[in-house]
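The values are calculated or read from the model by the stated rules, or taken from the named source; none is laboratory data. All values derive from a computational prediction rather than experimental measurement. Neighbour counts are summed over all protein chains in view; Cβ atoms, including those assigned to glycine, are modelled from backbone coordinates with ideal geometry.
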Amino acid sequence: MQDKILKIRKVYDAFLAEFPLCYGYWKKYADHEMRLGFMDKVVEVYERAVLGVTYSVDIWLHYCIFATETYGDPDTIRRLFERGLAYVGTDYLSYPIWDKYIEYEEMHAEWGCVATLYTRILEIPNKRLDDYLARFKAFAATRPLSELRNAEETAALAALSEADHQVNEGEIHPDTAEQLSKPVSAAGSTEAEELEKYVTIREEMYKKVKEFDSKISDFENAIRRPYFHMKPLPLAELENWHNYLDFIETEDDFNKVGKLYERCLIACANYPEYWMRYVLCMENCGSMDIANNALVRATQVFVKRQPEIHLFAARFREQNEDIPGARASYQRLHAEIAPGLVEAIVKHANMERRLGNLEDAFSLYEQAIAIEKGKEQSQTLPMLYAQYSRFLYLVSGNAERAREILVEGLENVQLSKPLLEALIHFETFQSLPKQIDYLDSLVEKFIRPNLDTINTASAADREELSCIFLEFLGIFGDAQHIKKAENRHAKLFLLHRSKSELKKRHAEDCLASDKAKLPKSLSDDPSSAQSLMGAYPNAQNPWGAGYGSQPQAWPPVTQVPIQQWTPGYGQQAAYGAYGLYGSSYTGPQVPTSVAQTAGYSAYPSTYPAQAFPQQGYAQPIATATLAPAQQPASATQPYYGSYY
């Protein structure tokens, strides 16, 4: 029997260590211990529960119910209720624990305590505020005023009576007596008048709170799932939490801000962006202890398997001069969370460079390359060679060594777009003469299908690299090199368009021709033009897919797999006061087919998709679309990013 008890405890302990916000399992654990008669273990479980999910109304309610049914000392029970209310008493959905507290005091006929509880509730916005006012009025009408006053009010009334007596005898100046009379109504009033004033004071509290309640009720009513669950939250609810936090931060009330964040991080515990936002908010408020505590909870418990939070932690700690902590975050990424993640390697190397440890920065790249070389068909290795070459060239100016790194990459990995793109870009900034023939041979080998060699590059990658090389030749090549490359490009790509694309282009040609034939009066009419364009929604440029007609644009490319975690915080645009995060809380963007419109030397700041160990439970995916729906993903994966 004892073995079974220990096994059950071990299962509960293991599960709740991983998912401490599942208050229902804490309750089941406590109930299990209670059935076995281990009352001390029940208390231990509840104490662990309120540490693990401190801002849960439900767990405090269950703990208080257990206390009322178990303990006989009213003071012990009240202390527990007050502990819970200190954390969750201002929660918009805290009415169950308030109701249980009122019920307990009513059961013991502590009418002064009941009246005090109603008074406290009427100072707090909550879902049942109107109901509490009605209940308070009904309660006050059934009890004499002397029973409604708590000990403090009774003492104040006694002090007022004593002061009035002393004034009559000339022992106290009348002004002093007037000051004493302010907390309690003046002596001589009737019981009914006193009761009316007593109720009116609470009605004024209610009205003041009701004004604030009207500001937050829409936010609160949009919260459909205030508890923790593994299923992803709907987009609307995620956006509502951000909007609610935006609003509450403008109220300039630190207590409200902190408690709302804690409530949010119960429902949104699986989303790193809310943890980051909380940490930065507390930092801005000067509460570094709370910020660090939140960061530890995020990185060690709630989103510990998501690379983004560790990248954030490393940068946050570096900014706060905790260099050992920053290095530990990067090392955990390299060794455990996402080995070979290019973004982590780049950012770690950049940090070491900022600290003046240039050799350590180079060593990071070299170690990563050595590890990836030991793998078969590493998708990361070409990117690492490209990044290392660029980094070394930019920080040391050693062009010869940078070229050697790229050549080594060409010798050790299969030809790939990132590596060739890096080589073309590197050659752009070298002195004349350019190694055009060498580059041409590599491009030829990459873009031309060859049965003798394996080429896993997509048609889109091959076509885009051809375009990049054409632009390079347009600047540095002679007429013969350009002619050769253009003929090759036309033969391999422009003459092999699909029939569907040709049909689409034909339709667009017809539309362009029809528009040219429209009378001026009709073509100037926006409604007419809109109606005509509606029949051809894709009619923008009949030659959008051709290379020659748009020399500054790349051809469309196929979709690229996106990393299954939110991009690093360095990639995102500034988020309001938080400085580092996307204004729409950007998650992994939906891959789309888009045309690259910039010259080849301007690359988007993203890294290639990489696999990494996933959490053992369903990961939230809704964050992916918190950004505007029309925001395109980058067309290609460039050979370097803009990370610092």
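Residues in the range 404-433 that are surrounded by 18 or more Cβ atoms within 10 Å (Cβ to Cβ) and free of Cβ contacts under 8 Å to residues at least 60 places away in the same chain: I405, L406, G409, V413, L415, S416, L420, L423, F426.
Taking only the range 403-433 into account, find how many residues are under 26 Å from A460 (Cβ atoms) and not in a helix (DSSP H, G or I). Residues flagged as under 26 Å from A460 (Cβ atoms) and not in a helix (DSSP H, G or I) within the range 403-433 amount to 4.
Residues in the range 230-253 that are more than 18 Å from C285 (Cα to Cα) and without any contact (Cβ under 8 Å) to a residue 24 or more places away in the chain were compared, and the one that is surrounded by the most Cβ atoms within 10 Å (Cβ to Cβ) is N240. Per the listing N450, N487, N455, the residue uniquely of a type outside the set (S, T, Y) and at pLDDT 85 or above is N487.
I'd like to know if the range 23-41 contains one or more residues that are modelled with pLDDT under 95, outside any helix (DSSP H, G or I), of a type outside the set (S, T, Y) and in contact with a helix residue (DSSP H, G or I) (Cβ under 7 Å, 6 or more places away or on another chain). Yes, the range 23-41 contains at least one residue that is modelled with pLDDT under 95, outside any helix (DSSP H, G or I), of a type outside the set (S, T, Y) and in contact with a helix residue (DSSP H, G or I) (Cβ under 7 Å, 6 or more places away or on another chain). Of E400, E372, all but one fail to be within 18 Å of Q414 (Cα to Cα) and not in a loop (DSSP other than H, G, I, E, B); the exception is E372.
Of all residues in the range 42-97, those that are under 16 Å from C264 (Cα atoms), in a loop (DSSP other than H, G, I, E, B) and either in contact with a Cys (Cβ under 6 Å, 6 or more places away or on another chain) or not hydrophobic (A, V, I, L, M, F, W, C) (or both) total 8. Can you tell me which residues in the range 258-303 are of a type in the set (D, E) and under 15 Å from the mean Cα position of the chain (by Cα)? Across the range 258-303, the qualifying residues are E262, E273. The residues in the range 121-136 that are loosely packed, with under 14 Cβ neighbours inside 10 Å and either aromatic (F, W, Y) or farther than 13 Å from K208 by Cα (or both) can be counted, and the count is 2. Number of residues in the range 288-325 that are more than 16 Å from E273 (Cβ to Cβ), small (G, A, S) and free of Cβ contacts under 8 Å to residues at least 24 places away in the same chain equals 1.
Screening the candidates S396, S389 for the property of being of a type in the set (S, T, N, Q) and closer than 21 Å to A457 by Cβ yields one hit, S389.
The residues on offer are Y25, Y46, Y55, Y29, and the sole one that is hydroxyl-bearing (S, T, Y), in contact (Cβ under 8 Å) with a residue 24 or more places away in the chain and in the same structural domain as G89 (by TED's automatic domain parsing) is Y55.
Per-residue answers, yes or no, for (1) among the aromatic types (F, W, Y); (2) at pLDDT 95 or above; (3) within 30 Å of F15 (Cβ to Cβ); (4) crowded, with 16+ Cβ neighbours inside 10 Å:
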{"site": "G286", "(1), (2), (3), (4)": "no, no, no, no"}
{"site": "A294", "(1), (2), (3), (4)": "no, yes, yes, yes"}
{"site": "I309", "(1), (2), (3), (4)": "no, yes, yes, yes"}
{"site": "R317", "(1), (2), (3), (4)": "no, yes, no, yes"}
{"site": "A326", "(1), (2), (3), (4)": "no, yes, no, yes"}
{"site": "E336", "(1), (2), (3), (4)": "no, no, yes, no"}
{"site": "M351", "(1), (2), (3), (4)": "no, yes, no, yes"}
{"site": "A370", "(1), (2), (3), (4)": "no, no, no, no"}
{"site": "K375", "(1), (2), (3), (4)": "no, no, no, no"}
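The lone criterion from (1) farther than 30 Å from N240 by Cα; (2) loosely packed, with under 12 Cβ neighbours inside 10 Å; (3) at pLDDT 65 or above; (4) not β-branched (V, I, T) left unmet by S214 is number (1).
In the range 352-371, the condition of being of a type in the set (A, V, I, L, M) and touching a Ser or Thr at 6+ places or on another chain (Cβ under 7 Å) is met by no residue. Taking the criterion of being among the aromatic types (F, W, Y) and more than 17 Å from Y92 (Cα to Cα), the only residue of the range 255-273 that qualifies is Y271. Inside the range 382-400, residues that are out of contact with any Leu (no Cβ under 6 Å at 6 or more places or on another chain) and more than 21 Å from M351 (Cα to Cα) make up a count of 2.
Scanning the range 375-393 for residues that are in a loop (DSSP other than H, G, I, E, B) and of a type in the set (S, T, N, Q) yields Q377, S378, Q379, T380.
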